[in-house]
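Visitor: Just dropping this structure here.
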Amino acid sequence: MSLLPTTKYLKSLKTPLCLYQTRKGTLLHLTPDNQSFFELDALLLSLGDFVHMDSIFSLLPSVDLTIHKFLNFQKKLLVLTPMDTTKKSLEGINKKTAVRLSTIKGFEEFSIEDFVNLATVIKPDILVSLTEEPVADKSGMKSHSRCVDKSLDFLDTTIAELKKQGLLESMPVLGCIQGGKYEDLRKKSMSGTLKREQVKGAVLYGFCQGESIEERTKMIRMLMAEIPKEKIETFVVVLHSKGEPVDILHGLSLGIDCFEVDYPFHLAEEGLAFCFDRFDFMNNHLDEKEKNISEKNFENKKARVIDLAKGIFEMDKGPIWKGCDCYSCLNHTRAYVHHLIKSKEMTANVLLTIHNLHSFEGFFKNVKNSIALKIFPKYVNWFLETQTK
């Protein structure tokens, strides 16, 4: 697995890794106190959330503040990204040097110069280059071709400007892989990104959006095959998606090593809770599991959840999930969380977020342990058979 570019905050951070989505510079429903329950080493900052704050950020050095201190995310890896998994954040326009970016004022024109200027003021640990999405969900080849070409042009401008300002070494840049369902465009996007030797990795866009597992597998395998063997250990590949556990397992099986994650927060907003069984490598025997992963096993699978808004939980005095040792399960009942949901109390979102993140982190630690023990395929097959619906 690849190593992330080193930073002064987290020099030993290794992949596989989750990049957790923030909302307007905060982790949804989590205070600094309850964030301490979790590791959450790497966070995503959405470009559109900060586009009107450049004048404020420019003052940070004068008061001895960094973006990490300002957002109270000290000793965390901060990744500034133009795309947001929680909303439609970018649209293409017929202008080679700009996009339409979703901000607090709605969609506004935003140029590559604006992007570089804001990035140099914020100074994230890692910068995802500017890109764009087609305006329509079912856009044709012409629109996707423009996305590929503009993304590569934006990448060149970003590299040149950061190099000129002496920031390229301290702010590693990731390229953006576009192209939709068109293999030639996807290959052009990846090979073009790889030709820019200063680029440390790539973010894959346009996946986990309703395509079949077969289609996704074929496209990602083709993209991963473009990476030269001498680069495979140092070139970071990130999957842009909500971070549904089955999608993460599938991505890992194809060689992807970093994943954008918003799914635990998204579930909490819907009143849903993960219901993963406890897994212990000392006691769970995987010997009988198939040691190969079949792509068909991923099709139409999602991690198990329960809907605590349902009336069957109104009098249920059990924890959110039996066997879970998170704060929410140790201190509150399903009936209480159900009551909070029905009363539209924000505390429901807080308790469900704590439970979902605890469950998700346990799942991802198991993933990393299974890789270290060289039994990842067997763990994947166990998870798909027992923890999905």
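Visitor: For residues that are in contact with a Lys or Arg (Cβ under 9 Å, 6 or more places away or on another chain) and not in a loop (DSSP other than H, G, I, E, B), tally how many sit in the stretch 299-310.
Guide: Matching residues across the stretch 299-310 total 3.
Visitor: Could you list, in sequence order, the residues of the stretch 330-389 that are among the acidic types (Asp, Glu) and more than 23 Å from residue 242 (Cα to Cα)?
Guide: 345
Visitor: Right, another one. Hey, can you tell me all the residues within the stretch 190-211 that are among the hydroxyl-bearing types (Ser, Thr, Tyr) and within 19 Å of residue 242 (Cα to Cα)? Give the steps one after another, and end with the answer.
Guide: Initially, the stretch 190-211 is screened for residues among the hydroxyl-bearing types (Ser, Thr, Tyr), giving 191, 193, 205.
Selection gives 205 alone.
Visitor: Would you please list the contacts, defined by Cβ atoms under 7 Å and residues six or more apart or on different chains, that run from a residue in the stretch 299-315 that is over 30 Å from residue 211 (Cβ atoms) to a residue that is in a strand (DSSP E or B)?
Guide: The qualifying pairs are 308/273.
Visitor: For the subset of the stretch 1-39 comprising residues that are in contact with a Cys (Cβ under 9 Å, 6 or more places away or on another chain), buried (at least 19 other Cβ atoms within 10 Å of the Cβ) and modelled with pLDDT of 90 or more, which member is farthest from residue 103 (Cα to Cα)?
Guide: So the residue we want is 17.
Visitor: Consider residue 277 carefully, then state whether it is farther than 24 Å from residue 377 by Cβ, among the acidic types (Asp, Glu) and in contact (Cβ under 8 Å) with a residue 60 or more places away in the chain.
Guide: no
Visitor: So in the stretch 316-331, with the set limited to residues that are assigned to a loop (DSSP other than H, G, I, E, B) and in contact with a His (Cβ under 9 Å, 6 or more places away or on another chain), which one is surrounded by the fewest Cβ atoms within 10 Å (Cβ to Cβ)? Before you say what the answer is, go through the steps one by one.
Guide: Initial filter on the stretch 316-331 (assigned to a loop (DSSP other than H, G, I, E, B)): 316-326.
Filter once more, keeping what is in contact with a His (Cβ under 9 Å, 6 or more places away or on another chain): 316, 319-321, 324-326.
Values: 316: 16, 319: 19, 320: 28, 321: 22, 324: 21, 325: 10, 326: 21.
Across the stretch 316-331, the extreme among qualifying residues is 325.
Visitor: What are the pairs, 6+ residues apart or on separate chains, where a residue within the stretch 216-233 that is in the same structural domain as residue 199 (by TED's automatic domain parsing) has its Cβ under 7 Å from a residue that is in a loop (DSSP other than H, G, I, E, B) and of a type outside the set (A, V, I, L, M, F, W, C)?
Guide: 224/255; 233/2
Visitor: Sticking with this one: If only one of 312, 375, 371 is of a type in the set (A, V, I, L, M) and more than 29 Å from residue 39 (Cα to Cα), which one is it?
Guide: When all the criteria are applied, what remains is 312.
Visitor: Then there is this: Does the stretch 286-294 contain any residue that is assigned by TED's automatic domain parsing to the domain that holds residue 371, among the aliphatic types (A, V, I, L, M) and more than 25 Å from residue 23 (Cβ to Cβ)?
Guide: Scanning the stretch 286-294, I find at least one residue that is assigned by TED's automatic domain parsing to the domain that holds residue 371, among the aliphatic types (A, V, I, L, M) and more than 25 Å from residue 23 (Cβ to Cβ), so the answer is yes.
Visitor: Right, next: Out of the stretch 190-204, which residues are touching a Ser or Thr at 6+ places or on another chain (Cβ under 7 Å) and in contact (Cβ under 8 Å) with a residue 40 or more places away in the chain?
Guide: Step one: list which residues in the stretch 190-204 are touching a Ser or Thr at 6+ places or on another chain (Cβ under 7 Å), which gives 199, 202.
Within the stretch 190-204, 199 is the sole residue that qualifies.
Visitor: Moving to a separate point now. Being surrounded by fewer than 22 Cβ atoms within 10 Å (Cβ to Cβ) and either in the same structural domain as residue 31 (by TED's automatic domain parsing) or among the aromatic types (Phe, Trp, Tyr) (or both) is true for just one of 360, 383, 376. Which residue is that?
Guide: Being surrounded by fewer than 22 Cβ atoms within 10 Å (Cβ to Cβ) and either in the same structural domain as residue 31 (by TED's automatic domain parsing) or among the aromatic types (Phe, Trp, Tyr) (or both) holds for just one of 360, 383, 376, which is 376.
The rows are residues; the columns are (1) part of a loop (DSSP other than H, G, I, E, B); (2) not aromatic (Phe, Trp, Tyr).
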| site | (1), (2) |
| --- | --- |
| 30 | yes, yes |
| 34 | no, yes |
| 40 | yes, yes |
| 48 | no, yes |
| 68 | no, yes |
| 73 | yes, no |
| 86 | yes, yes |
| 93 | yes, yes |
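Visitor: Now a separate question. Return a yes/no flag: does the stretch 332-351 have any residue that is of a type outside the set (Ser, Thr, Tyr), in contact with a strand residue (DSSP E or B) (Cβ under 6 Å, 6 or more places away or on another chain) and either modelled with pLDDT under 95 or surrounded by fewer than 17 Cβ atoms within 10 Å (Cβ to Cβ) (or both).
Guide: No; the residues of the stretch 332-351 include none that is of a type outside the set (Ser, Thr, Tyr), in contact with a strand residue (DSSP E or B) (Cβ under 6 Å, 6 or more places away or on another chain) and either modelled with pLDDT under 95 or surrounded by fewer than 17 Cβ atoms within 10 Å (Cβ to Cβ) (or both).
Visitor: Okay, moving on. For the stretch 201-225, give me the residue count where each residue is out of contact with any helix residue (DSSP H, G or I) (no Cβ under 9 Å at 6 or more places or on another chain) and among the charged types (D, E, K, R).
Guide: Number satisfying all stated conditions: 2.
The values are calculated or read from the model by the stated rules, or taken from the named source; none is laboratory data. Fair warning: this is a prediction, and the values are worked out from it, not measured in the lab. Quick reminder, even Gly has a Cβ in these numbers, built from the backbone with ideal geometry, and neighbours come from all protein chains shown.
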